[in-house]
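The values are calculated or read from the model by the stated rules, or taken from the named source; none is laboratory data. Since we're looking at a predicted model, the values are computed, not measured. Methodologically, a virtual Cβ is constructed for each residue, glycine included, from the backbone with ideal geometry; neighbour enumeration extends over all protein chains shown. We work out accessible area using only protein heavy atoms, side chains counted, and drop any ligands, DNA or RNA first. Shrake-Rupley method; radii C 1.70, N 1.55, O 1.52, S 1.80 Å.
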Amino acid sequence: MEALKQKIREEGIVLSDQVLKVDAFLNHQIDPRLMQQVGHEFAERFHGQGVTKIVTIEASGIAPAVMAGLELGVPVIFARKFQSLTLKNDLLISKVFSFTKQTESTIAISAKHLTAADHVLVIDDFLANGHAAKALIDLIQQAGASVAGLGIVIEKSFQEGRGLLESEGYRIEALARVASLADGQVTFLD
Ligand code: 5GP
């Protein structure tokens, strides 16, 4: 998606050869127009696949997921990272190792929002080693629901997430594929 790649070139900050900072338009400040285009692109790629729900993880997956949900006309559920007073009973729970924080955390979705009849599109801001995606798939499987595929805003193709998920048969649609962050430069795959 050219508009996204252009934004990454202009406003992305390479923190290391492993980490890209995009808090000017995705991870802190959000560019609504760009998110609308991102949602449109996901909807086009997964149109006609029978998606009934979108699942993402708080906080940075929410903006692109909501925009995709708007376009596909389906509800969006975000997995919560913290125990909430209002999120108590019948929880689907999984553990995720955070790439950016380097700590393990527990994520949860209320079981009432997912059923075995659901066909779920997983959306997230980044794909690195695939831990967040795997934890979300785990929650979906606990509900007995099926996975339509994964919509990723920025894939770091030099990390192992795509290979891991594809080897398990999941379809991945990434809107920007970063081949390298070496020498402070963002290089795209295609
Ligand atoms: P994974 O679980 O695939 O290893 O990492 C994906 C998760 O870690 C995403 O939910 C994202 O929030 C975070 N993440 C991974 N790599 C980056 C990165 O380069 N920059 C930012 N801002 N977040 C990242």
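Using a 1.4 Å probe, what is the accessible area per residue for the chain, in Å²? If you can, show how the numbers build up before the last one.
On the way: 9200 Å² over 190 residues.
Value returned for the chain: 48 Å² of accessible area per residue.
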Could you please state how large a percent of the accessible area of the chain is carbon and sulfur, counting protein chains only and using a 1.4 Å probe?
-> 50 percent
The summed charge of the Ile54 Cβ neighbourhood (under 11 Å; Lys/Arg +1, Asp/Glu -1) stands at -2
Sticking with the crude label model, points 7 Å out along Cα→Cβ, report the distance from Ala111 to Glu166 in nm, one decimal please.
-> 3.6 nm
Between Gly69, Leu92, Gly169, whose Cα lies farthest towards the positive end of the dipole of the stretch 64-174 when Lys and Arg beta carbons carry +1 and Asp and Glu beta carbons carry -1, centred on the Cα centre?
-> Leu92
Work out, in µm²/s and without decimals, the Stokes-Einstein translational diffusion coefficient of the chain at 37 °C, 0.692 mPa s, Rh from Kirkwood over C-alpha pairs.
-> 197 µm²/s
Can you pull the accessible area of Glu44 for me, 1.4 Å probe, Å² to the nearest 10?
-> 120 Å²
Value at 222 nm in deg cm²/dmol, rounded to 500, when DSSP H runs of n ≥ 4 in the chain each add -39,500 (n - 2.57) | -9000 deg cm²/dmol
Mean-square fluctuation maximum in Gaussian network of the chain, Cα pairs under 10 Å, restricted to Gln37, Gln102, Gln18, hits Gln102
Quick one: compute the contact order of the chain, relative version, from alpha carbon pairs under 8 angstrom and 6+ residues apart, as a percent.
-> 20 percent
What dipole magnitude, in Debye to the nearest 20, does the chain give about its Cα centre under +1 on Lys/Arg Cβ and -1 on Asp/Glu Cβ?
-> 460 debye
